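Right, one structure below, let's go through it.
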Amino acid sequence: MKRFEYSRATAPEQAAQSASVKDASFIAGGTNLLDLMKLEIETPVKLVDITRLALAQIEKTTDGGLRIGTLVTNSDLAAHPEVIANYPVLSRAILAGATGQLRNRATTGGNLLQRTRCYYFYQTDSACNKRKPGSGCPAINGENRTLAILGTSESCIAQHPSDMAVAMRSLDATVETLKTDGSTRTIAIKDFYCLPKDTPHIENVLESGELITHVVLPAPIKGMHTYDKVRDRASYAFALVSCAAIIDVTDNGRLDTVRLAFGGIGTEPWRNEAVEALLTGTDGNENVIKQAADLLLKEAKGSGQNDFKIPLTRRLLKQVIQRALAGKGA
């Protein structure tokens with residue numbers, strides 16, 4: 001691990017100011033950052049400790065939603081009574097990720113910012129456009145079984161690793177931030193992540209030193225909330241394909257509300273509103289589900305070992321819709 005300067009912030013404004021220098025990083029739980037620093041993939045010249053900030057609260061908003069502080073741990077968020085009662089898709093997604101020990105340390109803001117687990121990103125003696133722009137992407141013709149099939153480019157096919165972010169995408173969460181000049185902004189989760197294109201090292205729209213302060217959920221959405229995660233083993237494994245679903249069915253068996261966000265298959269948490277619109281108002285018959293899967297996977301591109309993700313995603317989509325129609329997912 002390379003040497004770095006360390007400072008502990010006592011206020012959000014101080015934290016943002018302290019992180020205004022080039023190559024500074026915030027640290028809270030450190031469950032991803034410290035590993036990357038040990039491998040010298042991340043080499044911040046300065047660490048700004050934000051663990052003392054008053055950003056570990058969950059509060060109700062005036063419109064009936066929730067405002068979640070960036071320092072709320074994954075364990076506390078998953079166990080919060082309001083989340084369990086009104087946003088169970090989020091609780092289930094969090095509990096499907098990592099181990100209890102990691103969830104006790106990992107924070108809401110940090111979870112959104114965790115980096116890919118692509119083998120080549122972590123293998124520092126190999127090329128990787130995320131680590132060293134322009135060096136190449138050996139994953140395209142190499143070990144790519146776990147990697148993305150949607151949103152990829154000739155520069156990168158790394159998958160987004162977060163379970164929580166997939167649920168946040170299905171809920172239309174927003175991210176509140178504080179910039180180094182003291183100004184604030186609100187970013188819709190759908191606009192937060194960047195596709196790799198030819199700049200895969202730029203993963204989100206945050207500016208240098210910009211601090212995530214809160215994540216805000218809108219008012220609860222009626223319907224079945226589920227999180228399905230297909231993985232190689234039952235615990236502590238990243239998704240091959242996952243789906244955060246919020247689906248409401250009318251009394252006469254029509255799909256009324258349909259929200260579907262996918263993990264494991266995209267370079268960012270993947271949601272296609274056109275697929276949801278196609279399904280909404282239908283009876284969810286097999287032909288409609290096939291059309292929805294065709295639309296979802298229209299631009300999907302396997303790279304060899306991960307080709308199986310395309311039919312697997314089709315099966316998961318069908319399973320989720322049919323479960324909602326059968327009334328078994330509430």
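The values are calculated or read from the model by the stated rules, or taken from the named source; none is laboratory data. Small disclaimer: the values here were computed from a predicted structure and weren't measured. Counting neighbours? That spans all protein chains shown, and the Cβs are built from the backbone with ideal geometry, glycine included. Accessible surface is based on the protein model in full, side chains and every heavy atom, while ligands, DNA and RNA are left aside. Shrake-Rupley method; radii C 1.70, N 1.55, O 1.52, S 1.80 Å.
For the chain, the solvent-accessible area of protein heavy atoms averages 45 Å² per residue (probe radius 1.4 Å; ligands and nucleic acids excluded).
Charges were assigned to the Cβ only: +1 to each Lys and Arg, -1 to each Asp and Glu. The resulting dipole of segment 1-112 about its Cα centre is roughly 200 debye. Between the residues 278, 241, 324, the greatest Cα displacement towards the positive end of the dipole of segment 224-326, with unit charges on the Cβ of Lys, Arg, Asp and Glu, is found for 241. Over the chain, the hull volume per residue, using the convex hull of the C-alpha atoms, is 128 Å³.
So what's the angle, to the nearest 10 degrees on a 0 to 90 scale, between helix 309-326 and the longest Cα principal axis of the chain? Between helix and principal axis, roughly 60 degrees. Counted over segment 89-154 with a bin width of 10 Å, the fraction of Cα pairs per bin, in whole percents, is 17, 40, 29, 14. Rounded to two decimals, the Cα radius of gyration of segment 1-59 over 2.2 N^0.38 Å is 1.15. Taking the Cα atoms only, what angle lies between the long axis of helix 286-296 and the longest principal axis of the chain, rounded to 10 degrees? The two axes meet at around 30 degrees.
Around the Cα centre of the chain, unit charges on the Cβ atoms of Lys, Arg, Asp and Glu (plus for the first two, minus for the last two) sum to a dipole of about 720 debye. Radius of gyration over Kirkwood radius for segment 224-326, both on Cα atoms: the Rg/Rh ratio is 0.96.
When 236, 122 are compared by accessible area of protein heavy atoms, the largest-first order is 236, 122, using a 1.4 Å probe.
Taking only the Cα atoms of segment 283-330, the ratio Rg/Rh comes out at 1.05, with Rh defined as the Kirkwood radius.
In segment 169-231, the portion of solvent-accessible area held by carbon and sulfur atoms comes to 48 percent [1.4 Å probe, whole percent, DNA, RNA and ligands not counted].
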